[in-house]
Amino acid sequence: MFRSLFTIDGRLGRLDYAKLTFLSMVMLIIGVFSITMPLVASQLSGGQTLSVGLGVIAGVLFVIVGLWSAVACSIRRMRDMGYNPLWLGLCFVPLKEVAVLALFGLTMAMSFMPGRDDADDYGSSPRATD
């Protein structure tokens, strides 16, 4: 299951998408927490400097891995639904309203819309292998 966090090849069903997206979000939360805790601690102690230790470096790595796995899972899920993964680019529009609406709308669509049952260039249906 962990190997499928990082690949963009193939298709991904709804249940696997939910599992892998949950793991990606846990990695992102751990990473953000690891990055922000030294900053909060230095502010509370009256210090103005942020020490970059192993916690911050590990936090940055967790964020990078979490973001990559979330995007990889979303690409595979969009392919399973029969849509072009370039639609995910709407989540990166600099306008906050557009990006938030696109992120919410695409997440809901990928979570609840069934995938296509027929095989395509990216492989057979994930439901056919269950």
Note on region 81-130: residues among the β-branched types (Val, Ile, Thr), modelled with pLDDT under 80 and assigned to a helix (DSSP H, G or I) are Thr129
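Within region 10-29, can one find any residue that is charged (D, E, K, R), in contact (Cβ under 8 Å) with a residue 40 or more places away in the chain and either farther than 30 Å from Asp118 by Cα or in a helix (DSSP H, G or I) (or both)?
Filtering region 10-29 for residues charged (D, E, K, R) gives 11, 14, 16, 19.
Narrowing the set further to residues that are in contact (Cβ under 8 Å) with a residue 40 or more places away in the chain leaves 11, 14, 16.
Those still in the list that are either farther than 30 Å from Asp118 by Cα or in a helix (DSSP H, G or I) (or both) too: 14, 16.
Yes, region 10-29 contains at least one residue that is charged (D, E, K, R), in contact (Cβ under 8 Å) with a residue 40 or more places away in the chain and either farther than 30 Å from Asp118 by Cα or in a helix (DSSP H, G or I) (or both).
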Being loosely packed, with under 12 Cβ neighbours inside 10 Å and farther than 20 Å from Phe22 by Cα is true for just one of Val56, Val40, Val93. Which residue is that?
Val40
Give all pairs with beta carbons closer than 7 Å in which a residue from region 51-74 that is in contact (Cβ under 8 Å) with a residue 40 or more places away in the chain meets a residue that is of a type in the set (Val, Ile, Thr) and surrounded by fewer than 14 Cβ atoms within 10 Å (Cβ to Cβ); count only pairs at least 6 apart in sequence or on separate chains.
Ala72/Thr7
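The values are calculated or read from the model by the stated rules, or taken from the named source; none is laboratory data. Computed from a predicted structure; not experimentally measured. Using ideal geometry, Cβ is built from the backbone for each residue, glycine included, and neighbour counts are taken over all protein chains shown.
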